[in-house]
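Structure, as structure tokens:
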Amino acid sequence: MPATVAVLLAAVVAAVGVWASSRSVRGPDPIDPAREERWLVRWLGRHPRFGATARSVDRRVAGGLMLVVALAIVLGSALVVGSLFDMVGHGSGLASWDEAVADWGSRNASSWSTSVLDRVTDLGGTRYLAVAVAFVASYDFVRHRNPNVALFLVVVLAGVVLANNGLKWLVDRERPPVRHLVGTSGSSFPSGHSAAAAATWFAVALVIARHWSRRGRAIAAGLAALIATAVAASRALLGVHWLTDVVAGTALGWGWFLLSALVFGGRLQRLGDPAARVGAGRLER
């Protein structure tokens with residue numbers, strides 16, 4: 001019971017925080033990178049070399065190149081963080097909580113809590129997320145006939161899985177030496193379930209709520225944060241990941257989602273939209 005309560009509390013706190021941020025007109029919107037896109041378009045407009053390239057290249061090609069750059073940025077950043085965590089051990093900063101959280105989750109588990117957390121952690125499993133992505137993409141295409149939406153969702157899920165597996169191989173961090181309450185495969189850093197849940201559920205929230213009011217989008221963002229945080233907390237308390245693994249995985253997933261959404265124009269859902277806007281001379285949206 002304590003483990004499930006801890007997961008619930010963490011998820012609710014994160015959901016309320018994200019909802020409040022998304023609800024505020026002055027605050028950043030976690031599922032709509034409109035501000036970031038405006039900055040990128042203005043930056044491209046101020047640099048003639050990049051602006052000329054954006055105007056001369058097809059927006060879909062430009063979008064593909066931007067995705068490659070985005071993936072390289074996410075991979076490079078996460079690799080540096082993972083290597084630092086692996087080198088400093090578990091005695092400083094956030095890493096000082098690693099052993100305590102893993103040990104507490106393993107000691108306070110019951111058969112009921114383990115069963116519940118196992119169901120929660122499935123919400124970050126690739127197979128479950130692939131089904132969710134297929135359903136949302138199909139439903140959206142029937143309603144709006146925009147093939148870019150399906151491409152966006154596939155890019156988010158496939159990209160985060162690719163980045164996560166590459167980082168696991170490069171960092172090769174050992175899992176916590178406690179009782180693992182569910183099965184595992186591969187190394188520990190970063191948490192694949194946490195990364196995939198953060199990336200995919202925020203992408204789903206963006207797609208579903210992109211025509212809603214800001215209040216509706218805030219609710220969708222809060223629900224995405226609720227699921228992503230619950231998955232991340234469940235991985236740590238099931239003893240299969242260090243706390244720093246799930247924090248890094250969540251940051252990796254949300255970062256990849258945000259960069260992918262930026263390339264697709266956020267709520268516009270059009271691959272290469274920033275490049276297209278620079279080419280058309282539209283520096284504001």
Obtain the nm distance between the two label points defined at residue 13 and residue 184 by a simple spin-label model: each point lies 7 Å from its Cα along the Cα-to-C-beta direction. 2.4 nm
Going highest first, how would you order 98-104, 154-160 by mean Cβ packing within 10 Å? 154-160, 98-104
Starting from the residue with the highest accessible area, list 141, 189, 135 in decreasing order, probe 1.4 Å. 135, 141, 189
DSSP-loop chymotrypsin sites (Phe, Trp or Tyr not before Pro) across region 186-219, with at most 14 other Cβ within 10 angstrom: 212
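The values are calculated or read from the model by the stated rules, or taken from the named source; none is laboratory data. None of the values given here were measured: they were computed from a predicted structure. Note that we place each Cβ from the backbone using ideal geometry, even for glycine, and neighbour counts take in every protein chain shown. We work out accessible area using only protein heavy atoms, side chains counted, and drop any ligands, DNA or RNA first. Shrake-Rupley method; radii C 1.70, N 1.55, O 1.52, S 1.80 Å.
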